[in-house]
1. So Thr124 ticks every box in (1) at pLDDT 90 or above; (2) part of a helix (DSSP H, G or I) but one. Which box is left unticked?
2. For the stretch 119-143, give me each residue that is more than 20 Å from Val109 (Cβ to Cβ) and either under 35 Å from the mean Cα position of the chain (by Cα) or small (Gly, Ala, Ser) (or both).
3. Is there any pair with a first residue in the stretch 147-160 that is within 22 Å of Asp104 (Cα to Cα) and a second that is among the acidic types (Asp, Glu) whose Cβ atoms are under 7 Å apart and which are 6 or more apart or on different chains, and what are they?
Amino acid sequence: MPLCSGDVHGGPDTSGPPVVRSVLTGPEGEVVGELARSGNKAWLIKRIAWRIQANAFGDLSERARKRALELANDADIRLKAPTVKNPITPAAAPSKAAVSVNADSRVPVPGTDLVRKYKGRTYTVKVRPDGFQYGDEIFTSLSAVAERITGAHWNGYLFFGLKKKSGGDA
């Protein structure tokens, strides 16, 4: 009898978890003499393979079991590992002045003037580290500047030509 009803090589299993668990665990929900605590097919297969190996070559020694218990008792149990995407050491961290409020790659470097003709007038917006300057006002987004100029909501990048209009793709 195969270990699972799906492809032996990890293909899709169309039987669903209850059938997989019953095939792997047996009628009493046991995995080779032990109560199965999981319905996860991959885990059950690994557990069965481990038990077969332990029966063939011997289980853990008493010394190894005691050491494992000591380590488990001393360890701080963490249910979920911390996620650190890009750790920055304090020495390598950029200063606040060097960080732009908007880290979008479409925004030109601070000091750049964005020029747009709209309804016969030319509008100039200066890119700053803390936003966008139009006249005497500083805005946090180009959309806010475009709305001030047009009186209607616009995508700021599209209005100032920093983004091409997509052909219906979302």
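1. Condition not satisfied by Thr124: (2).
2. Once the filter is applied, which keeps residues that are more than 20 Å from Val109 (Cβ to Cβ) and either under 35 Å from the mean Cα position of the chain (by Cα) or small (Gly, Ala, Ser) (or both), the stretch 119-143 yields Gly120, Gly135.
3. Here the result reads His153/Glu147; Trp154/Glu147, each pair linking the stretch 147-160 to a residue that is among the acidic types (Asp, Glu).
The values are calculated or read from the model by the stated rules, or taken from the named source; none is laboratory data. Keep in mind that what you see is a predicted model, and the values were worked out from it rather than measured. With ideal geometry, Cβ positions are generated from the backbone for all residues, glycine too; neighbour counts draw on all protein chains shown.
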